[in-house]
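Chemist: Have a look at this one before I ask anything.
The values are calculated or read from the model by the stated rules, or taken from the named source; none is laboratory data. Computed from a prediction, not measured in an experiment: that's the story for all the values here. Using ideal geometry, Cβ is built from the backbone for each residue, glycine included, and neighbour counts are taken over all protein chains shown.
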Amino acid sequence: MKNYYQSHGNNSPETEQSYYLNYKDTKLGILTVNKEREILLKLEDNIEPLEVPFELLKAYNQGQRVFHTQDVMRWIKERVVPSSRQNIDGILKQVGIDKYDELSIFLYAKGRFNFDGYYLESI
């Protein structure tokens, strides 16, 4: 199965890939994906509650600022097109992957989905 890195000329990133996670004009934090596809999201303090991804809001309100793969993937899975979507094969082809993979689709789209203002910006 090709993933995002393979389909974009980077079979296994030598280093981790980092992105600013933004909501509209606000930098919320830094999202990092390492070569094992483990995810780390570090959110800033003092983010407005409406700007925090909903799936992370309860933990954020309890003081958590660092989120790992499992938590971040729960948010990502809510954002990307579902595998049951009509014409999913065309979407996978556009992304450049052979099999449905939420993280690859998320990175390809730079986090933009659902017209909600979240997006990734390469660091």
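For (1) surrounded by 16 or more Cβ atoms within 10 Å (Cβ to Cβ); (2) closer than 22 Å to Lys35 by Cα; (3) over 16 Å from the mean Cα position of the chain (by Cα), each residue gets a yes or a no:
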| residue | (1), (2), (3) |
| --- | --- |
| Lys58 | no, no, yes |
| Thr69 | yes, yes, no |
| Val72 | yes, yes, no |
| Lys77 | no, yes, no |
| Ser84 | no, no, yes |
| Ile88 | no, no, yes |
| Lys93 | no, no, yes |
| Lys99 | no, yes, yes |
| Leu120 | yes, yes, no |
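Chemist: Looking at Leu57, Leu40 in this structure, which one is touching an Asp or Glu at 6+ places or on another chain (Cβ under 9 Å) and not hydroxyl-bearing (Ser, Thr, Tyr)? Give the steps one after another, and end with the answer.
Modeler: Values: Leu57 fails: touching an Asp or Glu at 6+ places or on another chain (Cβ under 9 Å).
Exactly one residue qualifies, and that residue is Leu40.
Chemist: Kindly evaluate Gly63 against the criterion of being of a type in the set (Gly, Ala, Ser) and more than 20 Å from Thr15 (Cβ to Cβ).
Modeler: On the way: of a type in the set (Gly, Ala, Ser): yes; more than 20 Å from Thr15 (Cβ to Cβ): yes.
For Gly63, the condition - of a type in the set (Gly, Ala, Ser) and more than 20 Å from Thr15 (Cβ to Cβ) - is met.
Chemist: Confirm whether Tyr20 is more than 20 Å from Asp101 (Cα to Cα), assigned to a strand (DSSP E or B) and either modelled with pLDDT under 95 or among the aromatic types (Phe, Trp, Tyr) (or both). Steps first, please.
Modeler: Working: more than 20 Å from Asp101 (Cα to Cα): yes; assigned to a strand (DSSP E or B): yes; either modelled with pLDDT under 95 or among the aromatic types (Phe, Trp, Tyr) (or both): yes.
Judged against the criteria, Tyr20 is a match.
Chemist: Just checking, how many residues over region 66-123 are of a type in the set (S, T, N, Q), touching a Lys or Arg at 6+ places or on another chain (Cβ under 9 Å) and assigned to a loop (DSSP other than H, G, I, E, B)? Spell out the reasoning first.
Modeler: Within region 66-123, the first condition is being of a type in the set (S, T, N, Q), and the residues that meet it are 69-70, 83-84, 86-87, 94, 104, 114, 122.
Narrowing the set further to residues that are touching a Lys or Arg at 6+ places or on another chain (Cβ under 9 Å) leaves 69, 104, 114, 122.
Those still in the list that are assigned to a loop (DSSP other than H, G, I, E, B) too: 114.
So the answer is 1.
Chemist: Out of the residues in region 23-56 that are assigned to a strand (DSSP E or B) and among the polar types (S, T, N, Q), state the one that is surrounded by the fewest Cβ atoms within 10 Å (Cβ to Cβ). Show your work before the answer.
Modeler: So the first thing to find is which residues in region 23-56 are assigned to a strand (DSSP E or B), and the list is 23, 26-33, 39-43.
Among the residues that remain, those that are also among the polar types (S, T, N, Q) are: 26, 32.
Details: Thr26: 12, Thr32: 15.
It comes out as Thr26.
Residues checked against (1) charged (D, E, K, R); (2) modelled with pLDDT under 95:
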site: Thr15; (1), (2): no, yes
site: Leu28; (1), (2): no, no
site: Lys35; (1), (2): yes, yes
site: Leu41; (1), (2): no, no
site: Val66; (1), (2): no, no
site: Val80; (1), (2): no, yes
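Chemist: Given the conditions (1) closer than 20 Å to Tyr23 by Cβ; (2) at pLDDT 95 or above, report the number of the one that Asp116 does not fulfil.
Modeler: Unmet condition: (2).
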